[in-house]
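Peer 1: Can you read through this structure? Questions will come right after.
The values are calculated or read from the model by the stated rules, or taken from the named source; none is laboratory data. Predicted model only: the values in this text are computed from it and were never measured. Neighbour counts are summed over all protein chains in view; Cβ atoms, including those assigned to glycine, are modelled from backbone coordinates with ideal geometry. With ligands, DNA and RNA removed, areas are computed over all heavy atoms of the protein, side chains included. Shrake-Rupley method; radii C 1.70, N 1.55, O 1.52, S 1.80 Å.
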Amino acid sequence: MFGITLATGLVVDDAIVVIENIERHLEEQKSEPHVAASAAMKEVAGAVIATSLVLVAVFLPVSLFPGTTGIMYRQFALTIAFSVSISAFNALTLTPALSALLLRQQEKRQGRFFGAVNRVIDGGTRGFVAALSRAANFKFVAVLLFAGALAVTFFLYGRVPKGFVPNEDVGYFITLVQAPAGASLDYTRNITI
């Protein structure tokens, strides 16, 4: 069930990327929908294939884990891997075809609410781009921060327990003996020896 829940969010991502790029081509170049779909797919097909292959490459080996971990994660990993594969196939075949048939050029009509939302998003985008361009001027500091993050990760890796299931052998043995009511301590000792 968890695999299906997570896959629900992952499987729509590829189709969203494709549709958004086709919509962008329709708005910017004012071209026909089938031409926009073809041009958009030339741009994003490699990215869709790459992200899907990475997700499959991450989750498929999880299904091969030995022991308790493998048993617990096998169905989850296979569900994610197969659903992402089907999603990529859908995004590369059906989504562009339907977009070419169903999407049309539209006039930009925005109400006050959506205009305000778009202004906030555009302002955030401009601020993010400005921050990145300023950070690009300090490459040495960025490399030092990255090296520091790697050092902290290495330090924490040595401190965090690595076992999925804690060690079950704690060094002692417990036995439970149930004697009849009113049995003496000598009677119980004789039974346990």
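Peer 1: So how do 140-150, 83-93 stack up, highest first, on mean other-Cβ count within 10 Å?
Peer 2: My ranking of the peptides, most packed first, is 83-93, 140-150.
Peer 1: Now, a different point. Tally up the carbon and sulfur contribution to the accessible surface of the chain as a whole percent, 1.4 Å probe, everything protein left in place.
Peer 2: 68 percent
Peer 1: May I pose another question? Identify, among Thr79, Ile16, Gln178, the residue whose Cα sits farthest towards the positive end of the charge dipole of the chain, taking +1 on the Cβ of Lys and Arg and -1 on the Cβ of Asp and Glu, with the dipole about the Cα centre.
Peer 2: Ranked along the dipole, the leading option is Ile16.
Peer 1: For the stretch 18-169, just say rounded, prolate or oblate: build the C-alpha gyration tensor, square-root its eigenvalues into a ≥ b ≥ c, call rounded for a/c under 1.5, and beyond that prolate if a/b exceeds b/c, oblate if not.
Peer 2: oblate
Peer 1: Starting from the stretch 13-113, pick out the GluC sites (Glu not before Pro) whose DSSP state is loop and whose Cβ has at most 15 other Cβ atoms within 10 Å.
Peer 2: Glu107
Peer 1: So, with +1 on the Cβ of K and R and -1 on the Cβ of D and E, and no other charges, what is the size of the charge dipole of the chain about its Cα centre, to the nearest 20 debye?
Peer 2: 580 debye
Peer 1: Mean Kyte-Doolittle hydropathy of -0.5 or higher plus an axial Cα length of 20 Å or more: which whole DSSP H helices in the chain meet both?
Peer 2: 2-29, 33-59, 67-92, 112-136, 139-159
Peer 1: Moving on to the next point. Which order do the peptides 174-183, 129-138, 55-64 take when ranked by the mean count of other beta-carbon atoms within 10 Å per residue, highest first?
Peer 2: Most protected by this proxy first, the peptides run 55-64, 129-138, 174-183.
Peer 1: For the stretch 56-193, what is the accessible area per residue in Å², given a 1.4 Å probe and the full set of protein chains?
Peer 2: In whole numbers, the stretch 56-193 has 86 Å² accessible per residue.
Peer 1: Using the Cα centre of the stretch 40-148 as origin and beta-carbon charges of +1 (Lys, Arg) and -1 (Asp, Glu), tell me which of Gly124, Val143, Thr51 is placed farthest towards the positive end of the dipole.
Peer 2: Gly124
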